[in-house]
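The values are calculated or read from the model by the stated rules, or taken from the named source; none is laboratory data. These numbers come from a predicted model, not from an experiment. Note that each Cβ is placed from the backbone with ideal geometry, even for glycine, and that neighbours are counted across all protein chains shown. Areas reflect the complete protein model, heavy atoms only, side chains present, ligands, DNA and RNA absent. Shrake-Rupley method; radii C 1.70, N 1.55, O 1.52, S 1.80 Å.
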Amino acid sequence: MDWGDTAVKRSAVTLLVFGIAFLLFAFTVPPYMTGTLRTLPTDLDFTLTSTGSRGVTRTEHIRSEPTPKIDEIRINADQTLDTDDGRQLASISESVTLIGHSRFPVFEPTATISGTPVDSENQTREGLRYFFPANTLRQSYLYYDELLGEAEYVDYTDRGGDTYIFHQSLDDRRLADGRSYSVDRTLWVDRYSGLVLDRHETVTLGDAPTQEFSFTDATRALMEDWAAETTRGLLVAKVLAFSAKFLGLVLIGIGLWRTGFLHGKT
C-alpha cells in the first residue's frame, strides 16, 4: 500500500476518525442513558391504590422533586385509608430525601411524617419505602414501616422470571400509642428497574379486624408498564454500546490496515 497516495490516506484517516467517534459514543452516551434510567426522575407524580378485604381502600399519592444536589431527590407521599361509604380512617403524609440511584434515604435528617403514632420532623431515616434499588439483588434489604417508625429487613424468598419476591413478617409489635401491631407483607419487585409491581399486606392493628391489602389491577398494570419501559430503555442502551464498540473497532482496524500499519508498511 502506498502511503503517499492521497486518496488512500484520506480514506484511512476518515475511517480512524469515525472509529474513534463510535468508541467515544459507546463509552459516553449508553452509560449516560443507563444511569438516567436507573435514577429516580425528579418529576414523578403517580398513585398506588390497594383494595382491602373489609371494604377499605388505601391510596398513596407519590411525587418527586429535585434538590440542590444532583443525585438526591425529594419524595413527598400522601396516604389515606377510606371506607366504601366515604369515611376516612387515616391520613398519613411523609417527605424524605432519597439517593437517586440507590433509592435509600440520605444519611441526613430529612424525613418528616405525620398521621402516625411516631410523627416526627427532620429525622434521619433508614430503609427502603416505595422503591427498591435499580438492578435489585437477591438479598435482604432494610424496609421502613411507617407505623413502627423504624426499618427492619425484608427478605428475598423467590423469583418468577425477572421479578424478585421479598417477604417480611412482624408479629405483635407494640406501637408508640400502646396498640399492638402485626403485618405480613410480600413484595414483587422488578429486578432491573427496582419498581414494586405488586404488594400484599395482612395487617392487624389493635382490636380492629385483620385487613388484607393488595394492589388493584390498574395499579399493577401501571407499575408493570413503567418497569417494561425502563427495561426496554436499558436494553437499547446495551445494544447501542455493543454496536458502537463493534463498529468503532472495525473501522479503526480497517483504517490501520489501509495505512499499512498492520502489515508492516509505512
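At a glance:
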quantity	calculated
0 to 90° range, to nearest 10: angle between helix 29-38 axis and the chain longest Cα axis	0
With every protein chain in place, the stretch 177-266: carbon and sulfur % of accessible area (1.4 Å)	63
Per principal axis, descending, Cα span of the chain in whole Å	92, 37, 32
Heavy-atom accessible area order for Phe46, Phe246, Phe25, largest first, 1.4 Å probe	Phe246, Phe25, Phe46
Mean ellipticity per residue at 222 nm, deg cm²/dmol - from DSSP H runs of n ≥ 4 across the chain, formula -39500 (n - 2.57)	-10000 deg cm²/dmol
Ranking by accessible area, most exposed first, for Val236, Val196 with a 1.4 Å probe	Val236, Val196
Point-to-point label distance, Val118-Arg138, nm (Cα→Cβ direction, 7 Å offset)	3.1
The stretch 116-208 - Rg and Dmax from Cα coordinates, angstrom	14.0, 42
Cα long-axis angle, helix 217-259 against the chain (0 to 90 degrees, to the nearest 10)	20
Highest to lowest packing among 66-73, 96-103, scored as the average C-beta count within 10 Å	96-103, 66-73
Asp71/Trp226 FRET efficiency (R0 30 Å; Cβ-Cβ; nearest 0.05)	0.90
Given charges at Cβ of Lys, Arg, Asp, Glu: the stretch 1-96 dipole, positive-most of Leu24, Ser50, Val96	Leu24
For a label point 7 Å along the Cα-to-beta-carbon line of Leu235, residues of the stretch 153-192 with backbone N under 20 Å	160-164, 189-192
Rounded, prolate or oblate (a/c below 1.5 giving rounded, otherwise prolate when a/b exceeds b/c) for the stretch 179-262 by Cα gyration tensor	prolate
Estimated FRET transfer efficiency when R0 is 30 angstrom, pair Ala208-Asp45 (beta carbons, to 0.05)	0.40
Dipole in debye (nearest 20) - the chain, about Cα centre, beta carbon charges: Lys, Arg +1; Asp, Glu -1	1860
The stretch 53-59 - phi-based ³J(HN,Hα) in whole Hz, Karplus 6.51/-1.76/1.60, Gly and Pro as x	7, 10, x, 10, 10, 9, 10
Lys, Arg +1 and Asp, Glu -1 on Cβ, resulting dipole of the stretch 148-266 about Cα centre, debye, nearest 20	1360
